[in-house]
Each structure stands twice: as structure tokens, then as C-alpha cells.
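Quick note: the coordinates plus some simple rules give every number you see, no bench work behind them. The model shown is predicted, which means the values in this text are computed figures rather than measured ones. All Cβ positions, glycine included, derive from the backbone under ideal geometry; neighbour counts span all protein chains shown.
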Amino acid sequence: MKYYATKINDKGNIAVDDTILVKGFPATAGSRILDGFKPLFDAEAVTRLTNKGYEISGKAHVGEFGLDLVGEFSHYSEKENVLCGASAELVAKGEVKAALGVDVNGAPRRSAALSGISFLKPTYATVSRYGVISTAASGEALGVYAKDTCAISEIMTVIAGHDEKDGTSLKNAAYDYSNNIDVKGTKVCIIKELFDKADESAKAKITAYADSLKSAGVTVEEISCPLFEIGNTAWQILMTAETCNNISRYDGVKYGYRAKEYKNIDELYVNSRTEGFNFLTKAVILYGSDSLSKNRYDNCYGKSLKVRRVVSDEIKKILSSYNAILTPVCSKTEYESYDISEAFVKVFEEGIFTSAANLTGIPALVSGEVQLLGNHFDEKTLLSLAHSVERKGE
């Protein structure tokens, strides 16, 4: 499988998803609509890494705008029978130390789980999104793929912190990404509704991980919380609405793909977008546009904003009693190839495991093929819990 959309440096030790800008090299976000676009500046995270001596190996393939399951629907990548993420596979095969990815709807987390590596989606607005090809700005986050929590801690310490070029960036200069705090006595809960939606292989991963945590002195309990399903619906509405708005700028005029045949400016827009976007992106645009329409705005978009607050409050309540939430990240441990016409529904169904973190901005760590959710700014607890399990596997 070809993992790189653009190879930059054979000696590079950091790969970046093709939704992240590297000056002078193509940035397509996996879409034909951005064919030929070359940015004039680096993403802030790339700048911070290169200033510390890291080298970018190249731009890894992503699904168009990061909207699919694991990156399977890039306009530029080869089609394979087994679904996996390019950046995750580069890390898993040891070709790079780590990789940067943008988590819009859970694709990097699913990719990491299926490839057997780790991925941290940090607390919203702790890592600059400057230089990211944005889709759903209120919930997307730039995170790190790596083989273990030590590498994640190392890279996150470099890229996190305030950036005045990003209007959403929090003011904190630095955050704690240590992975060595004592986890004995901490409490973790498993959400029954999410556990029940996974198949037997995914359930087995959760059970085994819980046993490893227990042997490290962690209390693990099962609780019920039905709000993850409604939270998923709310995030899908907000995500599609924001994506519809954000990618409306791609019109075939200033840069990117332009249709060869058109008679007037309206046809230029329509033909360029029709030919430039894939089926899934078009479905997201149509769904988002409908959610923002005059007759649907209050009942769809407005209500989803209210649901965001309800879900945030409920998760905050859970995390006042527990240090972390343990859930599946995928409904199964391996995906099978499918037609793009099924993608919108498939991504929606799998989103129940990942959407809460995007909706509420809390950190989410994938490690050992499972997911840990935690309080805002408490990545150190998630990393330390995962590290305690990693040590047992050494």
C-alpha cells in the first residue's frame, strides 16, 4: 500500500496527514477539489517540530477531508481490500517515530486502534489549528499517532501551547503530558451502552484492558449513560453544518480543481464541485446545508448546540466520580471494504464511540485498541493509565 501522498524527506521522522500544511508541498486533504494547491506557509505544529530538530518525512494519505472511517476514500490513494489509515500504518511499521493527524470525526482514533498503535486527541484548543485544512472547527483537534505513550508525551509537549494565530487557541503556554503518575487508586468506568454496541472481539479488548488496569490497582466499574447516542446525533449535525460552511470556499476559481467545461460562473461552481468532491463529502454538504436552512435551523442546528451542553454536563458529572471512561473506539477490530454510497451511514453508526470527545472537547486516548476519555486538560491521567498497561506487556 502506498502511504504517502507526497514524500518530502527520506530521513524524516514525523509524518503528517495531508490535511496539515507543509510549505511548498501539495495539500489536498484527500480531495480532487484541492488538486495542485501548494501552501505558502507551514502549520504551526509543523513549525514547532522543525524548530526542535524533527524532520517531516512526508504527507500521508487521508480520506477526503477526514470524513470517512479510517481514510479509505482519498481521491489519491490506492484502493485496498483491508481498511487502514496511512499515518497509523507508517507508525506501526516503524517508518516514522510519530505522525500528526486531525481528528474531525474519529478517523485517526479508529485508524490507530486497527493498526495497534496509540493516538491522542488532546483537549480542544490546546494545540494550534493554524495551518490545518479545517472542516468542523468547533470540535476538530490536531493530535499525535505513536507506538506508545512516551512518544506521544514527547511530541505533544512540543506542539501544544498558545498560538496567537489561532483564534480558538487557549492562553496556556504549556500543558502536562507526563505518563508516569501513580494510577493506583484511580477509578475508571465502562459505559454499558457503548460496550453492548461492540462485537465480541472488541468487547474482549475492553475486558482484557480492564483486567490489566485492575492489576495495576485501578478500580473499574460499569455504569449506564444513554446520552452518548444523542451526543453522536448532535455532533453529526454540527459537524456536517460546519463542514458545509467551511468547504464552501472551494469553488474552482482561486486555486484547486477547476472543471474544464462550463458556460458561466454558476456552471463553473457547480461543475467544479460536482467533479471535485466525492459522494461522502457531497452527502455531508447536503445534510449540513439542510440543517442550516431556515425551516430546520432551530430544530436541528440550534437544538444540537443545546444537546452539546447537556452531554458536556453529564460527562463532567461522570468524570467527577471517575478519573477516566473506558470505551471501545470501533464496533469491531477489523473493517471490511464497502461502497462509498454506504459511507454516510457507516460513519454515523461508528461515530457513537468517538463523537462525545469532539462534541465536548475532552481528550481521548486510543491505546491497546481501546479508548480512554478524560477530563479537560487531564491527558496525564489517560497517558499514565495507558502506560501502566503498556508496562505489563513489555
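How big is the equivalent ellipsoid of region 204-287 along its three axes, where each semi-axis is √(5λ) from the Cα gyration tensor, reported in whole Å from largest to smallest?
47, 15, 10
Sort Y76, Y257 so the one with the fewest other Cβ atoms within 10 Å of its own Cβ comes first.
Fewest-to-most ranking of Y76, Y257: Y76, Y257.
Sequence gap at least 6, Cα distance under 8 Å: using those rules, report the relative contact order of the chain to the nearest whole percent.
About 21 percent, as a whole number.
Let me make sure I get this right: for region 331-379, a, b and c are the square roots of the gyration tensor eigenvalues over alpha carbons, sorted descending. Under 1.5 in a/c it's rounded, otherwise prolate if a/b > b/c, else oblate. Which is it? It would help to have the intermediate numbers written out before the result.
Details: a/c = 4.07, a/b = 1.83, b/c = 2.22.
Oblate is the answer for region 331-379, as a/c is 1.5 or above yet b/c matches or exceeds a/b.
Fewest Cβ neighbours within 10 Å first, please rank R273, R391, R109 accordingly.
R391, R273, R109
Kindly flag which residue pairs out of K165/K303; K7/K147; K52/K165 have an alpha-carbon separation exceeding 27 Å in this structure.
K165/K303
What's the extension gain from A204 to A173 if we count 0.36 nm per residue and subtract their Cα-Cα distance? Write down the numbers at each step before the final one.
Numbers: separation 31, 0.36 × 31 = 11.16 nm, distance 4.00 nm.
So the chain would gain 7.2 nm between A204 and A173.
Let's test this: bin the Cα-Cα distances of region 2-110 at 10 Å from zero up to the farthest pair and state each bin's percent.
16, 51, 30, 2
At a Förster radius of 30 Å, what calculated FRET efficiency corresponds to the Cβ-Cβ distance of K192 and F279, to the nearest 0.05? Don't jump to the answer; show the numbers that get you there.
Details: r = 35 Å, r/R0 = 1.17.
Here the calculated transfer efficiency is 0.30.
Find how many whole Å separate the alpha carbon centroid of region 106-121 from the alpha carbon centroid of region 27-82.
16 Å
Cα convex hull of region 78-216: mean projected area in nm², to one decimal? Don't skip to the answer; put the middle values down first.
On the way: hull surface 42.4 nm².
Average of the hull's projected areas for region 78-216 equals 10.6 nm².
Listing F73, F279 from the residue with the fewest other Cβ atoms within 10 Å to the one with the most, what is the order?
Working: F73 23, F279 15.
Ascending Cβ contact count within 10 Å gives the list F279, F73.
For the chain, set up a GNM with springs between Cα atoms under 10 Å and report which of S321, S272, S87 has the largest fluctuation.
Of S321, S272, S87, the Gaussian network model singles out S321 as fluctuating most.
Once Lys and Arg get +1 and Asp and Glu get -1 on their Cβ, which of I285, C189, S337 lies farthest toward the positive end of the dipole of region 189-347?
Value: I285.
Give the separation of the Cα centroids, region 164-191 to region 284-326, in Å.
23 Å
Sketch the reach of a paramagnetic label on H162 as a point 7 Å from Cα along Cα-to-Cβ, and name the residues of region 99-130 whose backbone nitrogen lies under 15 Å away.
The answer is 125-128.
Under 11 Å from the Cβ of S153, count the other residues' Cβ atoms, weight Lys and Arg +1, Asp and Glu -1, and hand me the total.
-3
Using modelled amide H (1.01 Å from N, peptide plane; none on Pro or chain starts), what sits under 5 Å from the amide H of D42, excluding residues fewer than 5 places away?
For D42, the qualifying residues are K23.
Roughly speaking, what is the stretch gain from E336 to D182, that is 0.36 nm per residue apart minus the C-alpha to C-alpha distance, in nm to one decimal?
Gain on extension, E336 to D182, equals 51.5 nm.
Quick check: residue separation of E221 and A259 times 0.36 nm, minus the Cα distance between them. What number comes out in nm?
The E221-A259 span can extend by a further 8.1 nm.
Assuming 1.002 mPa s and 20 °C, estimate D for region 260-317 with Stokes-Einstein, Rh taken as the Kirkwood radius over Cα pairs, in µm²/s.
Rounded, D is 153 µm²/s.
Bin width 10 Å, origin at 0, all Cα-Cα pairs of region 144-263: what percent of pairs per bin?
Result returned by the calculation: 10, 18, 29, 26, 11, 5, 1.
Calculate, axis by axis, the spread of Cα positions in region 251-394 along the three principal axes, and write the results as whole Å, longest axis first.
64, 40, 29
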